[in-house]
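Okay, structure first, notes after.
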Amino acid sequence: MHWLHPWFLLLLPVVAVPFLLKSRHAQSYSWLQMVPADPFSDTANRLVKTATSLFLLCLVLALAGPQGDSHQEQKVGKGAQSVFVIDRSVSMDHPFAGQSTGGHAAEIKSAAARRLITAFIDSRPDDMMGVVGFTNSALYGMKITTNRDGIHSAIQAATGPALNQTNIGAGITNAVTLFENIASTGSRAIVLLSDGAGKLSPRVKYQIQKQLTGKKINLYWIVLREPDDISIFTDNVYEEERTPEAISLDRFFRSLKVKYKAFEADNATALESALREIDAKEKNVIQYAIIIPGHDYARDLIIAALVLGLGLVLVKHIRMY
């Protein structure tokens with residue numbers, strides 16, 4: 001057992017206060033020998049003082065935060081180690097290219113991404129996941145972890161608006177570094193979610209290629225199309241200098257020695273379909289250690305203090321009559 005706030009133990013002497021204070025009675029007597037002996041009242045008085053002392057003891061110990069020792073357990077499941085790399089540019093707050101409003105407010109891309117990624121996370125309880133947002137630079141969100149509350153919070157932050165820039169290179173390189181701090185187990189994947197590409201410099205391309213070499217990390221790119229965007233799957237032929245950025249990025253990803261697949265989504269249904277396909281592909285045996293926290297004795301002490309406090313209030317109420 002250990003204490004979260006051991007300095008509160010300095011308050012332990014207050015436990016003796018009920019025994020140091022003398023009781024006040026409703027009547028005073030000039031000669032105590034005229035008062036008959038009352039062993040029942042004496043016993044009740046000692047019990048009340050003891051209960052009060054225990055009440056104070058429970059409060060002091062609860063404030064000190066006693067915790068049982070944590071331990072590790074090996075968990076075996078079916079899933080993957082994955083990192084979501086999410087575009088946080090202001091254009092993510094626009095509706096999908098193929099969104100049909102029908103007179104109603106259309107769901108924006110960031111809101112749909114938040115909703116569907118959250119459902120994806122909840123459907124994969126064995127996964128280890130990390131989150132990286134990016135605009136003009138990478139915005140660290142969450143390391144690869146099994147902490148679902150932390151992952152959900154990071155997704156909430158990563159699907160909010162930021163600057164009007166799309167630096168995919170920074171997002172990808174930052175995501176790869178997250179895999180360096182954990183042991184490899186199951187499959188590994190990076191899921192890039194963006195509505196633009198941006199131009200990668202030769203230096204950034206070399207860095208991405210170098211980082212991914214030998215890592216056995218699968219790469220997925222879900223393109224949330226803007227209304228006037230050209231499909232990355234088009235058969236059109238472009239000159240080298242006139243090739244659209246999205247097509248150039250897709251070609252670069254295809255040139256990497258990793259398993260890569262691209263998706264296009266111009267509505268929430270298409271985005272859900274892409275995530276469903278990734279879900280089906282990234283399910284291998286995964287094993288990792290999880291930390292089981294020790295028992296929180298502070299909660300038990302607070303309950304005991306509550307029971308003792310209610311008992312003292314009841315005794316006080318009885319003595320008034």
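Please find, within region 181-236, the residue that is farthest from the chain's Cα centre (by Cα) out of those that are under 27 Å from Arg276 (Cβ atoms) and basic (Lys, Arg).
Top of the filtered list is Arg225.
Checking the condition part of a helix (DSSP H, G or I), surrounded by 12 or more Cβ atoms within 10 Å (Cβ to Cβ) and either at pLDDT below 80 or over 30 Å from the mean Cα position of the chain (by Cα) (or both), which residue from Ala175, Ala246 passes?
Ala246
Conditions first: (1) closer than 26 Å to Leu271 by Cβ; (2) without any contact (Cβ under 8 Å) to a residue 60 or more places away in the chain; (3) not in a loop (DSSP other than H, G, I, E, B). Lys199 passes all but one, so which condition is the exception?
Among (1) closer than 26 Å to Leu271 by Cβ; (2) without any contact (Cβ under 8 Å) to a residue 60 or more places away in the chain; (3) not in a loop (DSSP other than H, G, I, E, B), Lys199 violates only (3).
Report yes if some residue within region 215-223 is at positive phi and surrounded by fewer than 20 Cβ atoms within 10 Å (Cβ to Cβ); otherwise report no.
Yes - at least one qualifying residue is present in region 215-223.
Please go through region 109-140 and pick out each residue that is within 15 Å of the chain's Cα centre (by Cα), surrounded by fewer than 20 Cβ atoms within 10 Å (Cβ to Cβ) and of a type in the set (A, V, I, L, M, F, W, C).
Ala119, Ile121
Only one of these conditions is not met by Leu310: (1) of a type in the set (A, V, I, L, M, F, W, C); (2) surrounded by 14 or more Cβ atoms within 10 Å (Cβ to Cβ); (3) more than 27 Å from the chain's Cα centre (by Cα); (4) farther than 30 Å from Glu226 by Cα. Which number is it?
With (1) of a type in the set (A, V, I, L, M, F, W, C); (2) surrounded by 14 or more Cβ atoms within 10 Å (Cβ to Cβ); (3) more than 27 Å from the chain's Cα centre (by Cα); (4) farther than 30 Å from Glu226 by Cα applied to Leu310, the lone miss is (2).
Kindly provide the set of residues from region 121-140 that are part of a helix (DSSP H, G or I) and among the aliphatic types (A, V, I, L, M), ordered by number. Break it down into steps so the answer makes sense when it comes.
First pass over region 121-140, keeping only residues part of a helix (DSSP H, G or I): 121-122.
Result: Ile121, single match.
Residue check: is Ala37 free of Cβ contacts under 8 Å to residues at least 12 places away in the same chain, of a type in the set (A, V, I, L, M, F, W, C) and either outside any helix (DSSP H, G or I) or crowded, with 17+ Cβ neighbours inside 10 Å (or both)?
yes
Does region 259-280 contain at least one residue that is outside any loop (DSSP other than H, G, I, E, B), closer than 19 Å to Gly171 by Cβ, of a type in the set (Phe, Trp, Tyr) and free of Cβ contacts under 8 Å to residues at least 40 places away in the same chain?
There is no residue in region 259-280 that is outside any loop (DSSP other than H, G, I, E, B), closer than 19 Å to Gly171 by Cβ, of a type in the set (Phe, Trp, Tyr) and free of Cβ contacts under 8 Å to residues at least 40 places away in the same chain.
Within region 309-316, is even one residue in contact with a Cys (Cβ under 7 Å, 6 or more places away or on another chain), under 30 Å from Met1 (Cβ atoms) and not assigned by TED's automatic domain parsing to the domain that holds Tyr206?
Step one: of region 309-316, the residues in contact with a Cys (Cβ under 7 Å, 6 or more places away or on another chain) are none.
No: zero hits.
Considering each of Val204, Val191, Val237 in turn, give the residue that is in the same structural domain as Asn136 (by TED's automatic domain parsing), under 23 Å from Ala80 (Cβ atoms) and either surrounded by 19 or more Cβ atoms within 10 Å (Cβ to Cβ) or hydrophobic (A, V, I, L, M, F, W, C) (or both).
One residue alone meets the criteria, Val191.
Is it true that some residue in region 278-292 is more than 26 Å from Thr145 (Cα to Cα) and either in contact with a Gly (Cβ under 9 Å, 6 or more places away or on another chain) or surrounded by fewer than 17 Cβ atoms within 10 Å (Cβ to Cβ) (or both)? Show your work before the answer.
First, the residues of region 278-292 that are more than 26 Å from Thr145 (Cα to Cα): none.
No; the residues of region 278-292 include none that is more than 26 Å from Thr145 (Cα to Cα) and either in contact with a Gly (Cβ under 9 Å, 6 or more places away or on another chain) or surrounded by fewer than 17 Cβ atoms within 10 Å (Cβ to Cβ) (or both).
Looking at this structure, is Ala274 touching a strand residue (DSSP E or B) at 6+ places or on another chain (Cβ under 6 Å) and surrounded by 19 or more Cβ atoms within 10 Å (Cβ to Cβ)?
Details: touching a strand residue (DSSP E or B) at 6+ places or on another chain (Cβ under 6 Å): yes; surrounded by 19 or more Cβ atoms within 10 Å (Cβ to Cβ): yes.
So Ala274 fits the description; yes.
Do you know which residues across region 141-164 are modelled with pLDDT under 85, surrounded by 16 or more Cβ atoms within 10 Å (Cβ to Cβ) and not in a helix (DSSP H, G or I)?
Scanning region 141-164 gives Gly141, Thr159, Ala162.
What is the number of the single condition among (1) more than 21 Å from the chain's Cα centre (by Cα); (2) at pLDDT below 90; (3) of a type outside the set (A, V, I, L, M, F, W, C) that Tyr297 does not meet?
Looking at each condition in turn, Tyr297 falls short on (2).
The values are calculated or read from the model by the stated rules, or taken from the named source; none is laboratory data. Everything numeric in this text was worked out from a predicted model, so none of it was measured. With ideal geometry, Cβ positions are generated from the backbone for all residues, glycine too; neighbour counts draw on all protein chains shown.
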